[in-house]
Amino acid sequence: MRSSEQENNIKTHYLYPAALFAEPEPHLVDTILGSCVAVCLYDPVKKIGGINHYMLPFWNGTGLASPKYGNIAIQKLVEKMLFMGSSKGNIQAKIFGGGEVVDTKTNMFKIGERNIEIAENMLAELKIKITGKSIGGKQGRKIRFNTETGVVLMKLIQKST
Amino acid sequence: MLSDKELIEQLKIRLAKSAEMAVMLAKQGEELQSVNEKLSESEALKSHFISNITNEIVNPFASILGLSKNIIASKESDIIKIKSMAELIHSEAFELDFQLKNIFTAARIEAGEASPEYIKTDISQLITSIISAYKYKAEQKQLKINFSFDLDKALSDAHFFRTDPEKLKLIISNLLSNGIKYSNAANRIEVKAWRDENSLKLMVKDFGIGIDKKNLEIIFDRFKRLDASINSLNPGHGLGLSVTKSLLDLMNGNIEIASKRGIGSIFTISIPEGDDTNSDGYALDGNEFIFGNSEDEVF
């Protein structure tokens, strides 16, 4: 059984890590987050939204600048929103993920934490308001983003080792 | 009022502080300088790349146009000539197609539209088809391509492997094309594939110019060609290996290189079998996304 929204024939999309999704047509975008972070951007005026799913905070400058990295993924997503006709002043953001799901004693890399930090810093710099968030902690998250309404449904998940 | 002695002490402290600041500023200046250098280097690489790909796209088109015009104008009796011209057209078009695929894939990866689509693939057939596509290019350099596929007899479906065939095809094409490009004439290239538990391994070995140790780290950088002089003889825009690396990253694979200048190079890739589990370690069983009940948190 699927939820009622899906019965209304709204298209769904499964967002893979290191990918981003932004289309003018309404979609339900599903993704699963561990230490990765997803930034959902929503424009309540145009009723459109976009979402990314990045794994690491910064592009190291070699290889391709792919949206696997937060700084690239957030910039590309904002560009896509502007391309679809949003004006920057209207865009709102919700951020999810960045949990420390892999239990390491030293936790030297703090990937989740740094993934969250880059999102908060970049959004502040871009003057995009964060209207909702569920970040950090030790659990993974399943989220479903409705790009037409901007509503995000979320479940915390137990690790399935 | 402060005494003279106290004033001198205060001055000393301030001087020391300002000296510290000056050092810090100098350090930051240096950092800025190096960032600036990197940026201008990247800018130069980009414009070099543009002029490079312009050549690589314009030149094949010019020869395709010229050759096809010749074919149209030639007499029926010239069948041997026509055939050799058609072969040249095919080889130019083949190269063009390959270069464009690399450019488009790089653009797609940058735009985040390159998530792998895993399907069950006949690996042996996939590799054989790539090798036969490169046969003509190899023959031009009198190269022989040896392919062996180590079957694990225990696995009845060892030929089949869940992967993204389009991406794997481009990865192998890049390795093979490089192997041919940098091989010495009248030699051989070895392609070997085997299964290692849940991974597919593939090795491409050439007996060519090889790579210096100090250059091994930068060959995956975008737009970088190690030797500008090779550039004039051999086409290439330095995008192939960076695309290869990024595609492997997307598929959770990796690549290893062993190379010696003047002797040759061995590229070995390893790709885990693709499945329906997400990279964060959560299995998707199809019931993951049942939302709409009261337990959901709404944002």
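Exactly one residue out of A:80, A:68 is within 11 Å of another protein chain (Cβ to nearest Cβ), farther than 21 Å from residue B:116 by Cα and surrounded by 15 or more Cβ atoms within 10 Å (Cβ to Cβ): that is A:80. Among residues that are surrounded by 10 or more Cβ atoms within 10 Å (Cβ to Cβ) and within 14 Å of chain A (Cβ to nearest Cβ), residue B:54 is not included.
The number of residues in the range A:64-85 that are under 21 Å from residue A:121 (Cβ atoms), part of a loop (DSSP other than H, G, I, E, B) and of a type in the set (Gly, Ala, Ser) comes to 2. Out of all the residues in the range B:151-166, is one or more away from every other protein chain (no Cβ under 14 Å), buried (at least 16 other Cβ atoms within 10 Å of the Cβ), free of Cβ contacts under 8 Å to residues at least 40 places away in the same chain and of a type in the set (A, V, I, L, M)? Scanning the range B:151-166, I find at least one residue that is away from every other protein chain (no Cβ under 14 Å), buried (at least 16 other Cβ atoms within 10 Å of the Cβ), free of Cβ contacts under 8 Å to residues at least 40 places away in the same chain and of a type in the set (A, V, I, L, M), so the answer is yes. When residue A:104 is tested against the conditions (1) at pLDDT 95 or above; (2) more than 13 Å from chain B (Cβ to nearest Cβ), the lone failure is (1).
Looking across the range A:10-63, just one residue is of a type in the set (Asp, Glu), away from chain B (no Cβ under 11 Å) and part of a strand (DSSP E or B), and that is A:43.
Which one is nearest to the other protein chains (Cβ to nearest Cβ), of the residues in the range B:117-134 that are surrounded by fewer than 19 Cβ atoms within 10 Å (Cβ to Cβ) and in contact with a strand residue (DSSP E or B) (Cβ under 8 Å, 6 or more places away or on another chain)? That would be B:118. Take residue B:95 and decide whether it is among the charged types (D, E, K, R) and in contact (Cβ under 8 Å) with a residue 60 or more places away in the chain. Answer is yes for this residue. Restricting to the range A:109-140, and then to whatever is modelled with pLDDT of 90 or more and either assigned to a strand (DSSP E or B) or facing chain B (nearest Cβ under 10 Å) (or both), can you tell me which residue is surrounded by the fewest Cβ atoms within 10 Å (Cβ to Cβ)? Residue satisfying both the conditions and the ranking: A:129. When B:197, B:166, B:190, B:139 are screened for being modelled with pLDDT of 75 or more, in the same structural domain as residue B:264 (by TED's automatic domain parsing) and at positive phi, only B:197 passes.
Filtered by the rule that a residue be among the polar types (S, T, N, Q) and modelled with pLDDT of 90 or more, the range B:253-279 gives B:254, B:265, B:268, B:270.
The values are calculated or read from the model by the stated rules, or taken from the named source; none is laboratory data. Computed from a prediction, not measured in an experiment: that's the story for all the values here. All Cβ positions, glycine included, derive from the backbone under ideal geometry; neighbour counts span all protein chains shown.
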